[in-house]
């Protein structure tokens, strides 16, 4: 029973990571009807920025406050960095082809994804790296954080057993932030308007270029955050964005692409399904295939996604 | 030396067949399939397993018979896989289809990597029990296969079915209004395209000692995609040309540092080119992006070389 609960927690945590990345996909798709294949690479960059800040001797400090500072800096930098990359990609690669054929957009996105992966391989070596500083134990980063937490934040009330719970908390906070942004602010209204009808939004005086750029920034920020969190748990390497990116897209489709709650739901479903499948004695080599199997099922029986609306194509 | 040349040519030839097959699905019918390498892989494994089971002696008369049977099996296996992919994907368009086929490609790769490692060889790959064909024989076989594939696809293109494919690419709903069974046609395109990819896979297996899952991943599909985009989606000549051009670029990128060093002797230039040599994919990625933006129709567009010689009424394309 305890293992089952742990599995569910793992599933929810992994699922929220997928959900965060899926949010980026769904936001961008909703607004420009483009599947940004390069989204996984924003995730990867977030992890690498976190790496460069955390895998320094500063993170092995015994002072919890200095560590908290470094950690906060790492989070901030990875979110901002991924966000910047997203905006730059939109400006350089996607804006010039806006309005072109679907095939042009698709191939450009694939090309950009490929390019970013290989540029990363070139710039950072292809070797996998981890946040731990050589000479410290692998849990140095997480261990230091837990020490800080137990010393200073524990009195806040809840017990923090492992990284997974932290991920869930961060994901929940992020979602609350996004919901407020989309539903209660003017910018959110502009986003919804642009995604419904670009031309009319322009006529209404909305600067659609800016809205699109900021949407990319937002999506990239979430991906970077997810990347940083993943980097804390797992190794970092240039191709790390490929599989999570793909699965997150599957999650977005499963939940209903273009729908924000859908992306979250899809992410959680995929995360839970993967972990439950392994718990039910599926060989872990096939773990990746679970997400794709779910995709096939959804596309066959409910192509709009769980929460999606299937638009009737008019001629 | 001749061996190297024939080797290079025969791989180019295999990619020509792959390009023609992918062109049928992407270019003619407008269905965006990103999992094509999976059919290539299925064909390769099928042929390899058959040859391993039969173990004929190289170049005996029985060998050639088994070669043909193995190829037929490979095409059958790949065609069935195409059916399995095509049917669920009937309702999908554009982006969704791309992702679904991409996912399928990944599933197949994971399958070959993990399932029954005693049969399929796992991530290290499957060793062939029969010696591989000598390069010049393999090249002749590949040439024959190219001729076959080209004739088949060209006949399809100028037949009613081919026109139906093109109609679906242009506007699926209008095609249905005109009475075409779009679902059946799309599945047909998938099956034929994947069977031809299986053909390429079988030839690939015959010309190597070892086939491994990593040969059949997304990278392979992207290369083939680049070839048909370069040549022109919807043109058979374009697919062939694209494969040839990219087949030439690949060794060029790899030997360019040496060539440059020989000419200029400057260290910095060589350093940059050495980086490119490590990562030729960057060049391909840039090429894909640049090409699709500046000349999305590729070199040939939808025209064929034979259009130049056609007098009178032009075939609609």
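Just one of the listed residues (A:299, A:307) is surrounded by 16 or more Cβ atoms within 10 Å (Cβ to Cβ), at the interface with chain B (Cβ under 9 Å from one of its Cβ atoms) and in contact (Cβ under 8 Å) with a residue 24 or more places away in the chain, and it is A:299.
Residue A:97 meets the stated requirement of being within 14 Å of chain B (Cβ to nearest Cβ), more than 26 Å from residue A:254 (Cα to Cα) and at pLDDT 85 or above.
Residue B:119 meets each of the listed conditions (1) under 30 Å from residue A:293 (Cα atoms); (2) out of contact with any strand residue (DSSP E or B) (no Cβ under 9 Å at 6 or more places or on another chain); (3) more than 14 Å from every other protein chain (Cβ to nearest Cβ); (4) surrounded by fewer than 19 Cβ atoms within 10 Å (Cβ to Cβ) apart from (2). For segment A:173-190, which positions are without any contact (Cβ under 8 Å) to a residue 60 or more places away in the chain and part of a helix (DSSP H, G or I)? Correct list: A:173, A:176, A:177, A:180, A:181, A:183, A:184, A:186, A:187, A:188, A:189, A:190. Taking segment A:100-111 as the range and being under 20 Å from the mean Cα position of the chain (by Cα) and more than 7 Å from chain B (Cβ to nearest Cβ) as the test, only A:109 passes. Exactly one residue out of A:293, A:285 is assigned to a helix (DSSP H, G or I), within 10 Å of another protein chain (Cβ to nearest Cβ) and modelled with pLDDT under 80: that is A:285. Within segment B:201-249, the set of residues being buried (at least 23 other Cβ atoms within 10 Å of the Cβ), within 14 Å of chain A (Cβ to nearest Cβ) and not in a helix (DSSP H, G or I) comprises B:232, B:233, B:234. Does residue B:102 fit the bill of being within 16 Å of residue B:220 (Cβ to Cβ) and either within 9 Å of chain A (Cβ to nearest Cβ) or modelled with pLDDT of 80 or more (or both)? Yes, satisfied.
The residue of segment B:172-184 that is farthest from the other protein chains (Cβ to nearest Cβ), among those that are out of contact with any helix residue (DSSP H, G or I) (no Cβ under 9 Å at 6 or more places or on another chain) and either part of a helix (DSSP H, G or I) or under 16 Å from residue B:30 (Cβ atoms) (or both), is B:184. Scanning segment B:96-120 for residues being part of a loop (DSSP other than H, G, I, E, B) and touching a residue at least 12 places away in the same chain (Cβ under 8 Å) gives a total of 0. Does segment B:69-81 include one or more residues that are within 14 Å of chain A (Cβ to nearest Cβ), in contact with a helix residue (DSSP H, G or I) (Cβ under 8 Å, 6 or more places away or on another chain) and assigned to a helix (DSSP H, G or I)? Within segment B:69-81, one or more residues are within 14 Å of chain A (Cβ to nearest Cβ), in contact with a helix residue (DSSP H, G or I) (Cβ under 8 Å, 6 or more places away or on another chain) and assigned to a helix (DSSP H, G or I). For segment A:251-265, the set of residues classified as under 13 Å from the mean Cα position of the chain (by Cα) and within 14 Å of chain B (Cβ to nearest Cβ) consists of A:251, A:252, listed by residue number.
Does residue B:104 fit the bill of being in contact with a strand residue (DSSP E or B) (Cβ under 9 Å, 6 or more places away or on another chain) and under 30 Å from residue A:295 (Cα atoms)? Considered against the rule, which asks whether it is in contact with a strand residue (DSSP E or B) (Cβ under 9 Å, 6 or more places away or on another chain) and under 30 Å from residue A:295 (Cα atoms), residue B:104 comes out as no.
Quickly run through segment A:112-127 and pick out the residues that are crowded, with 20+ Cβ neighbours inside 10 Å and at the interface with chain B (Cβ under 7 Å from one of its Cβ atoms). Of everything in segment A:112-127, those that are crowded, with 20+ Cβ neighbours inside 10 Å and at the interface with chain B (Cβ under 7 Å from one of its Cβ atoms) turn out to be A:112, A:114, A:115, A:118.
Considering only residues in segment B:85-95 that are part of a helix (DSSP H, G or I) and within 7 Å of another protein chain (Cβ to nearest Cβ), the one that is farthest from residue A:109 (Cα to Cα) turns out to be B:88.
Per this entry, residue A:77 is counted among residues that are free of Cβ contacts under 8 Å to residues at least 40 places away in the same chain, assigned to a helix (DSSP H, G or I) and surrounded by 16 or more Cβ atoms within 10 Å (Cβ to Cβ).
Restricting B:169, B:208 to residues that are within 18 Å of residue B:233 (Cα to Cα) and modelled with pLDDT under 90 narrows the list to B:169.
In this structure, is residue A:248 without any contact (Cβ under 8 Å) to a residue 60 or more places away in the chain, closer than 16 Å to residue A:18 by Cβ and either in contact with a helix residue (DSSP H, G or I) (Cβ under 7 Å, 6 or more places away or on another chain) or within 14 Å of chain B (Cβ to nearest Cβ) (or both)? Taking the combined requirement at face value, the residue does not satisfy it.
Residue count for segment A:207-243 satisfying the condition of being in contact with a helix residue (DSSP H, G or I) (Cβ under 6 Å, 6 or more places away or on another chain) and within 16 Å of residue B:99 (Cβ to Cβ): 2.
Would a scan of segment B:301-312 turn up a residue that is modelled with pLDDT of 75 or more, under 23 Å from the mean Cα position of the chain (by Cα) and within 16 Å of residue B:223 (Cα to Cα)? Within segment B:301-312, none of the residues are modelled with pLDDT of 75 or more, under 23 Å from the mean Cα position of the chain (by Cα) and within 16 Å of residue B:223 (Cα to Cα).
Per the conditions (1) surrounded by fewer than 18 Cβ atoms within 10 Å (Cβ to Cβ); (2) under 27 Å from residue B:219 (Cα atoms), the sole criterion not satisfied by residue A:109 is (1).
A single member of B:160, B:189, B:164 is modelled with pLDDT of 90 or more, over 17 Å from residue B:46 (Cα atoms), more than 21 Å from the chain's Cα centre (by Cα) and buried (at least 20 other Cβ atoms within 10 Å of the Cβ), and it is B:164.
None of B:53, B:72, B:84 is within 24 Å of residue B:157 (Cβ to Cβ), without any contact (Cβ under 8 Å) to a residue 12 or more places away in the chain and surrounded by fewer than 24 Cβ atoms within 10 Å (Cβ to Cβ) except B:72.
The values are calculated or read from the model by the stated rules, or taken from the named source; none is laboratory data. The shown structure was predicted, so the numbers you read here are calculated from the model rather than taken from an experiment. Cβ: placed from backbone, ideal geometry, glycine included. Neighbour counts: every protein chain shown.
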